[in-house]
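Coordinate-derived values only; no laboratory data. Quick caveat, the model's predicted, so the values are computed rather than measured. For neighbour counting, all protein chains shown are included, and Cβ atoms are generated from backbone atoms with ideal geometry for every residue, glycine included.
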Amino acid sequence: MRSYTLREWESLPYGDGEGCIPEALAAQLAGVARSSALAGSGGQGVLEEHRRHLRARGVVGVLAAPSGSLEILPKIDVSEADPTARNAAIRKRLIHMLAVALDLKIDTGRMTELDWQRDTLLEILIRIFADKLTEAVRRGMPRRYLTKEDDLQALRGTLDLTRQFTRHAVNPSMLACRFDEFSEDISLNRIMKAAVSHLSRVSRNPANRQRLQELAFVYGEIGDVPVPGLRWDEVVIDRTNRAWSELMGMASLFLRNRYQTTSSGAGQGTALLFEMNVLFEEYVGRLLLRTLSGTEFSVQLQGGRLFCLTSVENGRGVFQTKPDILIRHAGKVVHVIDTKWKQISARFDDPKQGVSQSDVYQMMAYGQLYRAPRLTLLYPRHDKLSDAGVVLARHRISGRETLLETACVTIGNPVLLMAELNEMLDGNVTATGRQSDPAEFVDEHAETQAQLGYGS
């Protein structure tokens with residue numbers, strides 16, 4: 001099966017030569033992309049179909065059709081010049097962002113075993129899931145008591161009188177029993193089995209397929225439930241099964257949200273996709289939670305719900321706002337941060353630096369509604385901003401004391417990013433508050449970061 005890799009906003013020409021994709025395969029992959037929830041109303045939110053080429057948009061992940069796959073990687077600046085090594089380095093950074101956003105713990109041993117250069121993002125995530133699930137089932141599958149009903153010759157549990165006198169009135173030798181049974185056939189295990197079954201049909205990596213086959217054997221006695229029929233609401237994560245929380249998150253990623261099996265032309269296709277705007281927001285937000293842990297400040301992700309307008313007739317709110325990140329102190333919003341996954345201009349002679357007017361108006365609305373004295377548009381750092389500080393520019397909103405600033409942070413190095421967040425937030429933190437020390441994060445995760453190539 002042919003495999004191709006693009007970065008966001010790059011194009012792949014049609015053709016049979018090197019660096020080209022057969023037009024028939026391109027049509028299949030475009031069909032899978034159109035079936036994605038991220039395709040948008042026009043159907044081209046993931047891939048744009050043009051006369052001579054496919055063009056990726058701001059969505060990353062993997063699209064797979066029966067005869068080939070397309071991996072879309074984010075535009076993250078890395079130092080590697082070789083294309084293969086560069087893609088491997090970007091995959092590492094992307095996996096790290098996903099691990100932070102999804103609360104995944106990836107140990108160093110697993111890092112070294114992964115084939116970053118040859119495996120796609122999908123195969124890497126399948127490997128991580130299969131390894132974690134194998135470790136979990138070795139410790140034992142979760143079980144709980146389930147109430148069951150059965151007709152038996154000897155009483156077990158309690159007698160179901162209603163069923164006894166309706167079903168067995170003419171055959172009293174059989175007893176309508178109701179009893180509790182300690183069972184492994186529960187919703188959590190059914191979800192794991194569904195994930196294993198689903199990924200077995202998707203994976204093309206021989207080692208992954210072998211691991212999934214072994215897991216399928218382990219789950220052989222667990223009931224088969226179609227994905228739409230899985231009871232996610234019945235799964236309760238508590239102290240007895242806390243180790244399964246990560247696996248539930250990964251299963252949800254594969255089966256519920258952005259991962260989907262879709263019809264594509266004559267065959268089936270799959271898509272594992274992430275919108276970089278959303279991922280960047282979640283990544284920064286979770287690191288901000290760590291950064292301000294133990295201080296007088298609290299962080300809310302997508303916590304705002306105020307309306308821009310209120311109807312005079314019925315008092316109904318119109319145009320609800322959803323700021324990416326709110327920082328509160330003593331119950332008041334002191335800082336609104338909106339993340340923007342796009343390159344800000346490095347031209348310091350340009351007073352706007354590529355910041356859109358609509359973004360500025362949006363932040364002004366946030367400042368007015370949430371009474372926040374400080375507003376930040378936060379962008380990823382790129383090569384042309386390597387020597388720039390965290391805060392690129394500060395402006396005061398005319399007629400008010402509110403500050404609107406543009407800032408950039410380094411993607412792919414969590415230690416440096418947390419230090420930059422500390423620097424950016426310095427104006428917020430009081431003397432009585434305690435900012436997290438990035439060194440603590442370094443000490444805690446130094447080995448993993450070395451395996452990922454951070455600090456290089």
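When both bridge partners sit in the chain, DSSP labels roughly 75% of those beta bridges antiparallel.
For the stretch 144-183, the alpha carbon convex hull comes to 51 Å³ per residue, rounded to a whole number.
Packing-wise, with mean Cβ within 10 Å as the measure, how do 94-106, 65-77, 378-390 rank, highest first?
65-77, 94-106, 378-390
If the viscosity is 1.567 mPa s and the temperature 4 °C, what Stokes-Einstein diffusion coefficient in µm²/s follows for the stretch 27-95 when Rh is the Kirkwood radius over Cα pairs? My calculation gives 99 µm²/s for D. For the chain, the Kirkwood hydrodynamic radius comes to 25.2 Å, computed from all pairs of different C-alpha atoms. As a size descriptor, the averaged projected area of the C-alpha convex hull of the stretch 1-54 was calculated at 3.8 nm². Placing unit charges on the Cβ atoms only, positive for Lys and Arg and negative for Asp and Glu, gives the chain a dipole magnitude near 860 debye about its Cα centre. The residues T291, T5, when put in order of fewest to most other Cβ atoms within 10 Å, stand as T5, T291. Within the same chain, aspartates and glutamates fewer than 8 places from K332 are excluded, and of the rest, those with a Cα less than 12 Å from its Cα are E296. Bridging of K105 to lysines at a Cα separation below 20 Å is possible for K92, K132, once same-chain residues fewer than 8 apart are set aside. The mean sequence distance of close C-alpha pairs (under 8 Å, at least 6 residues apart), as a share of the length of the chain, puts its relative contact order at 14 percent. Counting neighbouring Cβ atoms within 10 Å and putting the fewest first, the residues Y283, Y370, Y14 line up as Y14, Y370, Y283.
Across the stretch 127-241, Cα-Cα pairs more than 22 Å apart make up 49 percent of the total.
Cβ-to-Cβ counts within 10 Å put F129, F165 in ascending order as F165, F129, the fewest first.
Counting helices only, and only those DSSP H runs with n ≥ 4, report the 222 nm mean residue ellipticity of the chain as the sum of -39,500 (n - 2.57) divided by its residues, in deg cm²/dmol to the nearest 500. Spell out each step's value before the answer.
Working: 12 runs with 160 residues, N = 456.
After summing the helix terms and dividing by residue count, I get -11000 deg cm²/dmol.
Positive-end ranking of L104, A88, V278 along the dipole of the chain, with charges on Cβ about the Cα centre, is headed by V278. Bridgeable aspartates and glutamates around K75 (alpha carbons under 12 Å apart, same-chain partners fewer than 8 residues away excluded): E8, E10, D383.
About its Cα centre, how strong a charge dipole does the stretch 144-183 have in debye, to the nearest 20, once Lys and Arg get +1 and Asp and Glu get -1 at the Cβ?
40
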